[in-house]
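Here is the structure we will look at.
The values are calculated or read from the model by the stated rules, or taken from the named source; none is laboratory data. Since this is a predicted model, take the numbers as computed values, not measurements. Here the Cβ positions follow ideal geometry from the backbone for every residue, glycine too, while neighbour counts run over all protein chains shown. Side chains are part of the model used for accessible areas, which takes the heavy atoms of the whole protein and leaves out ligands, DNA and RNA. Shrake-Rupley method; radii C 1.70, N 1.55, O 1.52, S 1.80 Å.
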Amino acid sequence: MKYKYPLLLIIIGSLIWASCKKIPGYSIVPGSSTGNGTSTGTGGVTNGTTYHTSTMYNTGPVRVFSKSGEILDTAIIGRFARRYFTGGGSGSTYLNGYNGPNKQGDFSIQLGAGTAALIMGGGYISTKTKFTGSDIRMTTTDSIIDPLSGNDPLFLYNFKKSLGKYTPTYDMLFSPGQGGNPFSFTVRNYLTDYYATQSGATLLYPLICGTVAVDLTAPGVTGTSSTGFIINNKFSGIGNNGLKTADTVVLQEFNVVLVK
């Protein structure tokens, strides 16, 4: 499974949804906001320091989780890694020390006074910023609405949300008929957060790259469905949230390095 230009997909998706109208009668006000600046809204940050992607490296080994917890048997880890994992788009199946060219697609982050812009090609996402020590949280100012129809999207939402060390600024689910949701399916309303850490003259953009393999065994059905994911976050240490017997997750953490 190759992870090509994931940030571009995130940016395009965010720009499209941000331009959509809100659900009629669906009014959501986040309980709190982060940052101490304002979004420019007309072209990103015009004054500030710009960091550009250069290299990437893994910050830990390949890890495998089942319903009962983390699997530490190296033979089993290797088997699942070879089957499901291509760590950070590098083409390797079992990474134990990747440090080389960035495989996630080029992008830039421009930091200003209380604001930031994530830039790729001709597009940008304008955000507010909040610093906690050297950690930076960049949060969009407009919420996004996504439909979640069926059990699989809800499982993936809860599973991926549990992987992240940093909790979202605002991320809520509304069942049909609740919170002004007029649809017959669940909707998600959220602000998008991006995370980075300042390290000297560089920014480190953390990623969790992996695959969740879900067992499909049922009367008359045998097989496995696998879904790859890349999350801009640090790993929470919880890799088995919501897994069933025979489900498996393989993942690895990376940092994309951005330089001035």
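At a glance:
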item: Qualifying positions in region 226-244 - open to solvent by 50 Å² or more (accessible area, probe 1.4 Å) and out of contact with any Ser or Thr (no Cβ under 8 Å at 6 or more places or on another chain); result: LYS234, LYS244
item: Check on ASN189, more than 18 Å from TYR51 (Cα to Cα), in contact (Cβ under 8 Å) with a residue 12 or more places away in the chain and touching a Leu at 6+ places or on another chain (Cβ under 9 Å); result: yes
item: Close pairs from region 59-73: first open to solvent by 70 Å² or more (accessible area, probe 1.4 Å), partner in a loop (DSSP other than H, G, I, E, B), Cβ under 6 Å, at least 6 apart; result: LYS67/ASN240; LYS67/LEU243; LYS67/THR245
item: Selected residue [under 20 Å from the mean Cα position of the chain (by Cα), within 26 Å of ASN240 (Cβ to Cβ) and at pLDDT below 95] from GLY164, GLY210, GLY105; result: GLY210
item: Flag for GLN110 being out of contact with any Cys (no Cβ under 6 Å at 6 or more places or on another chain), in a loop (DSSP other than H, G, I, E, B) and at negative phi; result: no
item: Filtered residues of region 245-254 (kept if assigned to a strand (DSSP E or B) and open to solvent by 20 Å² or more (accessible area, probe 1.4 Å)); result: GLU253
item: Subset tally (residues that are surrounded by 18 or more Cβ atoms within 10 Å (Cβ to Cβ) and without any contact (Cβ under 8 Å) to a residue 60 or more places away in the chain) for region 112-147; result: 1
item: Any hit, region 126-133, residues being in contact with a Gly (Cβ under 8 Å, 6 or more places away or on another chain), under 19 Å from SER236 (Cα atoms) and not hydrophobic (A, V, I, L, M, F, W, C); result: no
item: Residue selected from region 193-214 under the condition of a type in the set (Phe, Trp, Tyr) and out of contact with any Lys or Arg (no Cβ under 7 Å at 6 or more places or on another chain), by the criterion nearest to GLY60 (Cα to Cα); result: TYR205
item: Residue in region 82-98 that is modelled with pLDDT of 95 or more and either within 25 Å of GLY228 (Cβ to Cβ) or open to solvent by less than 60 Å² (accessible area, probe 1.4 Å) (or both) present; result: no
